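The values are calculated or read from the model by the stated rules, or taken from the named source; none is laboratory data. All values reported here derive from a predicted model rather than from experimental measurement. For neighbour counting, all protein chains shown are included, and Cβ atoms are generated from backbone atoms with ideal geometry for every residue, glycine included. Calculation scope for accessible area: heavy atoms of the full protein, side chains included, ligands and nucleic acids excluded. Shrake-Rupley method; radii C 1.70, N 1.55, O 1.52, S 1.80 Å.
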Amino acid sequence: MKIHNLRYSRAVRGSWAPSGAILISLAVITPILALAWHALGSDLDHWQHLAGTVMPAALRDTVILLAGVGLVVSLLGVGSAWLVTAYDFPGRSILAWALLLPLAVPTYIMAYAYLDLLHPIGPVQSMLRAWLGYASPREFRLPDIRNMIGAILVLGFVLYPYVYLTMRSMFLTQASNLLEAARTLGAHKAEVFRRVVLPLARPAWAIGLSLALLETLNDIGASEFLGVQTLTVSVYTSWTTRSDLAAAAQIALTMLVIVVGLILMERKGRARQRFANAQRMQPMRARVLRGTPATIALLLGLLPIFVGFVFPAAYLVAEVVQRFHEGHGISDALSRSLSSTVMLAALAMVVTVAAGLMVAWASRMLREGAWRQPARSMARVASLGYAVPGTVLAIGLLTPVMMIEQTLGELIGGQGLFLMGSAGLLVIAYTIRFLAIPVGAIEAGLTRVPVSLEHAARTLGASPAKALWRIHLPLLRPVLAASALLVFVEVMKELPATLLLRPFDFDTLATWLYAEASRGSYEEGAVAALAIVLAGLLPVILLARTNLSYGHQKQ
């Protein structure tokens, strides 16, 4: 057996997976290092100019937006999670999964829909004027949503499911005897919730909140549509409008500092969550509601679902139906954008899942001995891209890509654009951005494969590659399929990185919608928006089924 283990260990060290995983990790960290190098290496005049012009307003708007969205997602996420966990009423089981539906609507599509819905001559205000007896917008109009409050509400109603998911999982595992002990000591319901339930669930809240704020920081479409000049918007305008890579890198570095703070908050929350869940007892029982309280609970649960999903989705469906009814159909340009989106998403999906499999398999092979910690660090580095906003990643990629192209140009002659002028750079960006999805999923799947199967393979003389092909891949098919689906949909929805790195005269559905909204044209953009939302529903349904079955097991 020792001989087989020695041979297997040598085969592992000589295998392609560890070497490939190291190269992938270097590819992920390179844009971040290049961004820091470019930003810190720029002259002081750039920093002084930014500090006196762009940064104060952009940083202020970003901090206010993050604080406001954090408050809204906390109220909606914590409240809805407690509602469907602590109370039992008609429609509760539907709410439990339907509260995840806003995840299918990207933030820029939410802003796009509500800008038209709440326009002075849009359907909502027109209906209100008809009811109130007013003839024109000059006589009556609602406040414009193109402001900070509008951006906070739009982003909050889309991103609250991140907090809802983590908080509901925590509420389902909270011990009922702790709540009963607090009531026995004379604490009323509100006091039990404030002094017992919330402190125990604080780690889960920190995790969900940090994820929601990372998505807020990554947003570019909703913020720009609603007139909020965030750091992300400033990065985009600095590069596309002024072609100032140094300024874009310096602003992006500021964003990266905020990202590091949010990651630290999430890590701290996970550490505390392990401690908070150390003792699992009998979960609490839901209180049965009937009559008026049950109706109020149902209406409260439906509010974020209708605002975050039903209203914008219904608007998009109505716009698309009207467009086809009028005989307009789909233009050739939109058809090209659709085919480009599917092609890019499929290619990025294959590359990303393959890279994730390589990293996860290398981490599995190097799990023993002195290689264990380096393998874990390698997997963490490979997963960093998901936390980095798309604009930051795109700016970080520009410097190394330009250096590579300059070197290639000197070697083969000419000054042609090899990566910058092709969709290949987009695939690289998507792979780095979403690599954490397959790495995390495949690592979790590999933990369910008994180590004894690998020991048996060693005894029979199988190499690591053969063991992966014959044993692990068949067992990992559901995980690989789920990872591929998630990556495909995320690529379809990705806007910031695509805007900055796409080739000339090349559009995806997301960039097509962005261009239509920027021009104030909402007719054909609804077709692209609806296609993205329908694709986004697939992983949400998968997540809802998992979350619902988990809730049934706990209850």
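Taking Ala113 as the residue in question, decide whether it is open to solvent by 50 Å² or more (accessible area, probe 1.4 Å) and in a helix (DSSP H, G or I). Let's see the steps before the verdict.
Working: open to solvent by 50 Å² or more (accessible area, probe 1.4 Å): no; in a helix (DSSP H, G or I): yes.
Here the answer is no, as Ala113 does not meet what is asked.
Taken as a whole, the condition of being under 27 Å from Gly390 (Cα atoms), over 22 Å from the mean Cα position of the chain (by Cα) and β-branched (Val, Ile, Thr) applies to Ile22. The set of residues in segment 282-329 being among the β-branched types (Val, Ile, Thr), open to solvent by 30 Å² or more (accessible area, probe 1.4 Å) and touching a helix residue (DSSP H, G or I) at 6+ places or on another chain (Cβ under 6 Å) consists of Val307 alone.
Hey, can you tell me all the residues within segment 39-98 that are of a type in the set (Phe, Trp, Tyr) and part of a helix (DSSP H, G or I)?
Trp47, Trp82, Trp97
Across segment 125-154, the qualifying residues are those that are in a loop (DSSP other than H, G, I, E, B) and of a type in the set (Phe, Trp, Tyr), and the one among them that is farthest from Thr230 (Cα to Cα) is Tyr134.
Of all residues in segment 521-544, those that are surrounded by fewer than 22 Cβ atoms within 10 Å (Cβ to Cβ) have Cβ atoms under 6 Å from Cβ atoms of residues that are among the acidic types (Asp, Glu) and modelled with pLDDT of 85 or more, 6 or more apart or on another chain, in Tyr522/Asp116. So for segment 495-518 (the condition being under 30 Å from Arg323 (Cβ atoms), touching a residue at least 60 places away in the same chain (Cβ under 8 Å) and among the basic types (Lys, Arg)), does at least one residue qualify? Within segment 495-518, one or more residues are under 30 Å from Arg323 (Cβ atoms), touching a residue at least 60 places away in the same chain (Cβ under 8 Å) and among the basic types (Lys, Arg). Inspect segment 161-173 for any residue being modelled with pLDDT under 85, assigned to a loop (DSSP other than H, G, I, E, B) and not aromatic (Phe, Trp, Tyr) and give the result as yes or no. Checked against the condition, which is being modelled with pLDDT under 85, assigned to a loop (DSSP other than H, G, I, E, B) and not aromatic (Phe, Trp, Tyr), segment 161-173 yields no hits at all. Would you point out the residue of segment 36-75, among those that are hydroxyl-bearing (Ser, Thr, Tyr) and surrounded by 13 or more Cβ atoms within 10 Å (Cβ to Cβ), that is nearest to Met148 (Cα to Cα)? This residue is Thr62.
Selection of segment 378-399 for residues being more than 18 Å from Leu435 (Cα to Cα) and in contact with a Pro (Cβ under 7 Å, 6 or more places away or on another chain) yields an empty set.
Exactly one residue among Tyr134, Tyr162 is crowded, with 19+ Cβ neighbours inside 10 Å and not basic (Lys, Arg), and that residue is Tyr162.
Report, by residue number, each residue of segment 408-446 that is farther than 25 Å from Leu500 by Cα, at pLDDT 75 or above and open to solvent by 30 Å² or more (accessible area, probe 1.4 Å).
The answer is Gly440, Ala441, Glu443, Ala444.
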